[in-house]
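Nothing in this text is a laboratory measurement; each read-out follows from the coordinates by a stated rule. Because the structure is predicted, anything quoted here is derived from the model rather than measured. Neighbour counts run over all protein chains shown; Cβ positions are idealised from the backbone, glycine included.
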């Protein structure tokens, strides 16, 4: 080894030895850093409160005839800190009339209560109520705290999600310019919740509402859609409605929106329903034939291809044939819009809302026992709010202008048909 290499290695070793004491110090301080910050912060807060009391009462042990307030010792108080409430000695001030005079800093800090938001966030990311305290950073032993018990966290979560459920899903929808809606149900225990999302003209997704009830329940579907209309959803413009294929849901959509609703039944659900009625050796070939039909760019030709498949199944598998024919034309509604391939594939199924349902299942996985429909709605509503934070624009959103043009053409056709009707005498 030459002298230059030896000198380089020696320099690197010296630098490593120089950092060793610093690293050791950091390891030593790691456990005490939070304690240092908490103690320092509490001291600063105490000094600030004392300074405000001095401004109100004047300096200690000085005679001041113009004094309008006086010191009144200390009282036990609490402020939020690190996901819990900590006990703090609060300086008291009493006016000449004997009434309590509030300290500005204490009043301001007392107004903010991030504990509920923290509790909701912890539970939505999977922290159980009984483990909430363990999820927080530890405090010094002599700092008393409360608000981390299982019951306290549960109360805050229940109150917050109930308030959000009553406010967030009742806002006005009048400003939304929707081009499509997707409706699907998610099962939680013995309860089913209907969820509807809207897609605006730019491809942005919006959670519109939810209600308890299955897609096979016509009254629940109608209740959900009627609520959207009551909140200002425009029913004078055509909209594409993508559903899983339930007859009751399709009936409810037609009843609320009439001819302005262009129903697209999920092609994935339709294939699944048909193939479940077939023996294993036929599933691959029939599935491929249905896929070819759905990929056809001509809606009339696609319908002919699907009817041909149904006729092939009539003799030996009439159940599968009947399932295929049910709502057959509504499975190729999107084909007539002449959309770009990415957008057509996206809107031909309920996959976007299925992805949201998967997010709901992840959020609610720690719930072991559902105690009624109200609890289910609170949790699903909170999970939807959490999922909406990560929404991206719809896959294929660059093709949305073609969908909008397709919908406006349907409006013109409907308006022209109304104008052509003979007026009653």
Taking 7 Å along the Cα-to-C-beta vector as the label spot, tell me the residue 130-residue 64 distance in nanometres, rounded to one decimal. 5.5
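Taking other Cβ within 10 Å of each residue's Cβ, how do 54, 364, 350 sort, fewest first? Display every interim value, and only then the final one.
Numbers: 54 14, 364 20, 350 24.
Sorted ascending by nearby Cβ count, the order is 54, 364, 350.
Nearest 5 is fine: what % of DSSP beta bridges in the stretch 175-415 come out antiparallel, could you say?
Taking every DSSP beta bridge within the stretch 175-415, about 70 percent pair in antiparallel fashion.
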Stretched fully, the stretch from residue 280 through residue 105 gains (0.36 nm per residue minus C-alpha distance, one decimal, in nm) 55.7 nm
Could you let me know the centre-to-centre spacing of the stretch 52-108 and the stretch 177-251, using Cα atoms, in angstrom? 55
Per DSSP H run of at least 4 residues, take -39500 (n - 2.57); add these up for the chain, divide by its residues and hand me the 222 nm value, nearest 500 deg cm²/dmol. -17000 deg cm²/dmol
Classified through the alpha carbon gyration tensor (a ≥ b ≥ c as square roots of its eigenvalues; rounded if a/c is under 1.5, else prolate when a/b is larger than b/c, else oblate), the stretch 175-415 comes out oblate
Give the percent of DSSP beta bridges with both residues in the chain that are antiparallel, rounded to the nearest 5. 80
